[in-house]
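**Q** Can you read through this structure? Questions will come right after.
Each reported figure results from applying straightforward, stated rules to the coordinates on display, with no laboratory input. Since we're looking at a predicted model, the values are computed, not measured. Because the Cβ atoms are built from the backbone with ideal geometry, glycine has one as well, and the counts that use them run over all protein chains shown.
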């Protein structure tokens, strides 16, 4: 097959960006949120997550982003859904694959672009992006 060994990338292609988001329900109760350190939505609360890197599966991206932002290691995940509203991210069209994570280990600590991590027993008032919708679909509150 011609070009079968050619590596294709999305550079220069007018396509949405792929991201992941995690609804982390802790066994002690509550859901984990990160306070954003950067714009957009600086200082707003968000679900842990971020962009999928080239060469990475969606699941690998989710595991990496959770560890980078919260210090936690994922043990199990269940698909919530795919969120593709072109207006969900003011920086541009971003499609997010969201997972419910219910088993984690490690030591909770803010890292990467998270200024703070906190467990909430009810939704924080200022939620970034479409994360309120993702939480609603997850059914955790």
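**Q** Quick check: the distance between the Cα centres of segment 106-130 and segment 75-99, to the nearest angstrom?
**A** With segment 106-130 and segment 75-99 each reduced to a Cα centre, they are spaced 17 Å.
**Q** In a Gaussian network model over the chain where Cα atoms closer than 10 Å are linked, find which of 54, 104, 34 has the largest mean-square fluctuation.
**A** Greatest mean-square fluctuation among the candidates belongs to 54.
**Q** Please give the FRET efficiency for residue 112 paired with residue 13, using the beta carbon to beta carbon distance and R0 = 22 Å, rounded to the nearest 0.05. It would help to have the intermediate numbers written out before the result.
**A** Details: r = 27 Å, r/R0 = 1.21.
It comes out at approximately 0.25.
**Q** Moving to a separate point now. If neighbour count is taken as other Cβ atoms inside 10 Å, put 132, 64, 36 in order from fewest to most. Walk me through the numbers before you get to the answer.
**A** Numbers: 132 14, 64 17, 36 21.
Fewest to most other Cβ atoms nearby, the residues stand as 132, 64, 36.
**Q** Once both axes come from the Cα atoms, what is the angle between helix 58-70 and the longest principal axis of the chain, in degrees from 0 to 90, rounded to 10?
**A** For helix 58-70, the angle is close to 40 degrees.
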